[in-house]
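Below: one structure, written as structure tokens.
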């Protein structure tokens, strides 16, 4: 049985390469590119699979790029449920400047989805989540979808008894009113949602609690990047330190955190330990190229380093 279904409404083929220096005007000779299946939910499903979980990736797919995306997801060992759409799946590009170590990311808007295509995606979710426990919806919305799409999704899965884990931003996040089990914003996304800057821990904690007390989400896990994370519920608030590792690529680390967190909750870990598993998965992803998930043994090692009393072998079935 698939316990975790992921939905990626704006997937992409992530192309990554490196060049000696990124400069204007001149041609920049690049290394051979690496191609990864991309988009928030797809990245989550890949890490869930690395952790030994049963995931199903639902996503719209169009054109020759969509065919390639489907193959890349299958090659990653993730069962797929693509939904055919008319316009081609987008492609994204990241270029690392070898000299400075800086990474430049170029992200395109994606295909415009029609109302019938949106309804087919929701119908696919309705079919795949039945009998499951969690739906992870992650990433941006493509052109053509209403800003309250994620609220419509929350209403759908709530009626099926499935818990929604949401990683969204911008207007899509601001239009969520209720029905989320776990919300995982960054500080920037949370600030945009509440409408004012969050310069310190007190302001960040208050904003996260505001989303809990207003009924938007039962749990808010705030990603603080190199400063760790914050988990807030009605009954608790806890800060978590980051794990400092050399960064090879930051793409997909936030999705790896969502995956580790969801796997932890699905396997009955306490919220604090599930957050630590998310931090370990994100940290392991930072040292891999492109959007490749971290290795399971590395995730277990990092988890042990921040959860000395936990047995990492219990994470995997």
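The values are calculated or read from the model by the stated rules, or taken from the named source; none is laboratory data. Source: prediction; values computed, not measured. Every residue, glycine as well, gets a Cβ built from its backbone with ideal geometry; the counts of neighbours run over all protein chains shown.
Here's the yes/no breakdown for (1) modelled with pLDDT of 95 or more; (2) not in a helix (DSSP H, G or I):
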{"residue": "203", "(1), (2)": "yes, no"}
{"residue": "206", "(1), (2)": "yes, no"}
{"residue": "250", "(1), (2)": "no, yes"}
{"residue": "263", "(1), (2)": "yes, no"}
{"residue": "277", "(1), (2)": "yes, no"}
{"residue": "297", "(1), (2)": "no, no"}
{"residue": "310", "(1), (2)": "no, yes"}
Which residues, taken from the range 176-201, are outside any helix (DSSP H, G or I) and buried (at least 16 other Cβ atoms within 10 Å of the Cβ)? 176, 179, 180, 181, 182, 183, 184, 185, 198
Meets criteria (in a loop (DSSP other than H, G, I, E, B) and more than 17 Å from residue 57 (Cβ to Cβ)) for residue 273: no
If residue 213 satisfies every condition in (1) surrounded by 15 or more Cβ atoms within 10 Å (Cβ to Cβ); (2) modelled with pLDDT of 95 or more but one, which is the exception? (1)
So, of the residues in the range 263-276 that are in contact (Cβ under 8 Å) with a residue 60 or more places away in the chain and either within 15 Å of residue 36 (Cβ to Cβ) or touching a helix residue (DSSP H, G or I) at 6+ places or on another chain (Cβ under 7 Å) (or both), which turns out to be surrounded by the most Cβ atoms within 10 Å (Cβ to Cβ)? 263
Matching residues in the range 232-247 - criterion: being within 22 Å of residue 304 (Cα to Cα), surrounded by 18 or more Cβ atoms within 10 Å (Cβ to Cβ) and modelled with pLDDT of 95 or more: 240
Looking at the range 47-60, can you tell me whether even one residue there is assigned to a loop (DSSP other than H, G, I, E, B), at positive phi and either crowded, with 16+ Cβ neighbours inside 10 Å or without any contact (Cβ under 8 Å) to a residue 60 or more places away in the chain (or both)? no
Are there any pairs, at least 6 apart or on different chains, whose C-beta atoms fall under 6 Å, with the first in the range 64-91 and closer than 23 Å to residue 143 by Cβ and the second surrounded by fewer than 19 Cβ atoms within 10 Å (Cβ to Cβ) and at pLDDT below 95, and if so, which? 90/108
Between 253, 229, 208, which is in contact with a helix residue (DSSP H, G or I) (Cβ under 9 Å, 6 or more places away or on another chain), under 13 Å from residue 275 (Cα atoms), free of Cβ contacts under 8 Å to residues at least 60 places away in the same chain and crowded, with 18+ Cβ neighbours inside 10 Å? 229
If residue 269 satisfies every condition in (1) modelled with pLDDT under 95; (2) within 18 Å of the chain's Cα centre (by Cα) but one, which is the exception? (2)
